[in-house]
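This report concerns only the one structure given below.
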């Protein structure tokens, strides 16, 4: 990737910094993005080096860009249910849940992870949109009794196959009792905090919800120190790993232009039971999408970054989709990518072309995402 | 300013580019910010060179980050009025209006410019938050009959004392008939488009609302060509000019933590008449703020960028405010800044100290903003 893909970002108070920003920058963060108006690091070595390390060791991520919104009060659950087709009544206690959130037209507004702290108290760890504002507006319009605010909570993720060993060193054997997308309470500087078995990779691990900025740096240092001989490193969500895993990025792969069915999120839609969801009727009528997210492979050498959607065409020139994320995969030895593809062309093996900014390349619809186990 | 204030921004589809991005980059944009998830340029020469040029000549700005939201339908006006303390019934036709927008608790959510296209059709040119989502939620909760979406509209601003001469060359003498914060219809590539006498500077000029991406580049070239002998240059909102003018930046100077009264926006609050505003009762009780935005001067040589709020203290150490924006002013020969200051200390001439990241400096509350005429 040539330097000319990058631009220099001017700092301002408007672009927030997590309590770990300076510490993580000192670890060698080499590029940033802006996520929920918060600076987030993009890689430390190279994307490829970070990827190889994430899949074999353990990384600690400052993912403060996943801003937390707290919703509490007697109508909290109802408010959230109004905005998601996932049936919240199926969730037990001490659960986290991936919840696609939609407007009344069934279009995606965000896809946060919901943490059920109490029957009347929830956290949303947001993807990159002000879902906070939608919920505030919805509550105001519907006259619901809720409180919605951004608490001083910051996520530190521990990700990678050795994440369990590292977490055990810090918090003891109880961490093995935390089921997938469940959470437990751990001690951080004398204060109980949420440790969720979740994270934006498929390498396993946890997300610590640091409850108070002042606690972030001491626990960061403690985790890094405890993992020294496990080759622990500062890291961040890795583009290669997340594309291979099919982890969708809101704003990149999916947006307010798409339904959960177009996003391939039908397993999180329980339209029979989610009767409070405002989009229920619309989504019931749109369960058979005419386009959908697909894993695709792109020929040629390493692709440039996807700075804007790349048009996908048939060999005859008909427009049939868009590539939204792409990168070179050292393991697959090809470019792996995520695309929204029209129904008539989304079968695995379909051969198409994509207009990447550097050249027109061949594109083949893949059977499945590469990194899922 | 040392290079170490800046970070490298990794491109992605999530960070949008206006239709003029490549063209404006080629004009020499040297740094960017991210505004409404859209890349916006920050300066071309130096901040100081851009400032001097803006105040004497004319610049053309690609301000695509001011994303447009369209609200139409029978309940459009009521919906907007529910979210602003400004009385919309006072506005005539072909008007633009600066409208602080608030949640039911009277806290600022955005401060867009509203354009009244028709009694049932409005555009909001947004500051940096998804006001779009709040309005969508509010409409859904209240069951209002409106349509809310982002049209393919992009603002090109023409700013500076010679903006009128330049606009006349492009669209003729009719541009002189457009009153301040009013708009007229001009021809752009055969299509009528909104030319508003507004802009994020106090040097005078217009904001052309380009209605369709494909029209952006041709009209950009036409304007630049028409202004060649007026020393027209590509530009962008200038930090020095806007601080001197007291133009507040949402997310920098004001946020969801503040009321319009704390922001010094009382002249846009018509609480007696804005009876549909959901925050009316709360704001009626909070018209005497205990802190408020103030112009301040900061001693010493050129300050670094305000990457995070700077604490303001009394000489005795009591915390009494925060600096949110600051820069060196070549005309004032001091650092000009915007701060939120507690009532007991906001009188002009009050001497305080500020903990800037490089050093503790003296701070004096100024009589008024420097750049207002």
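Tabulated results
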quantity: Condition met for residue A:194 (more than 17 Å from residue A:123 (Cα to Cα), touching a residue at least 24 places away in the same chain (Cβ under 8 Å) and surrounded by 21 or more Cβ atoms within 10 Å (Cβ to Cβ)); calculated: no
quantity: So residue B:175, is it in contact (Cβ under 8 Å) with a residue 12 or more places away in the chain, buried (at least 20 other Cβ atoms within 10 Å of the Cβ), more than 12 Å from chain A (Cβ to nearest Cβ) and part of a strand (DSSP E or B); calculated: no
quantity: Residue selected from the range A:187-209 under the condition outside any loop (DSSP other than H, G, I, E, B) and within 18 Å of the chain's Cα centre (by Cα), by the criterion farthest from residue A:153 (Cα to Cα); calculated: A:205
quantity: Any hit, the range B:91-100, residues being within 9 Å of chain A (Cβ to nearest Cβ) and under 13 Å from residue B:255 (Cα atoms); calculated: no
quantity: Single match in A:140, A:125, A:157 (criterion: crowded, with 20+ Cβ neighbours inside 10 Å and within 12 Å of another protein chain (Cβ to nearest Cβ)); calculated: A:140
quantity: Residue tally, condition facing chain B (nearest Cβ under 10 Å) and either touching a helix residue (DSSP H, G or I) at 6+ places or on another chain (Cβ under 6 Å) or surrounded by fewer than 21 Cβ atoms within 10 Å (Cβ to Cβ) (or both), over the range A:23-35; calculated: 3
quantity: Residues satisfying the stated conditions in the range B:275-328, i.e. part of a strand (DSSP E or B), free of Cβ contacts under 8 Å to residues at least 60 places away in the same chain and crowded, with 17+ Cβ neighbours inside 10 Å; calculated: B:291, B:292, B:293, B:310, B:312, B:313, B:320, B:321, B:322, B:323
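The numbers here are math on the coordinates, done by the rules we state, and not lab data. Remember, predicted model here, so these are calculated numbers, not experimental data. Note that each Cβ is placed from the backbone with ideal geometry, even for glycine, and that neighbours are counted across all protein chains shown.
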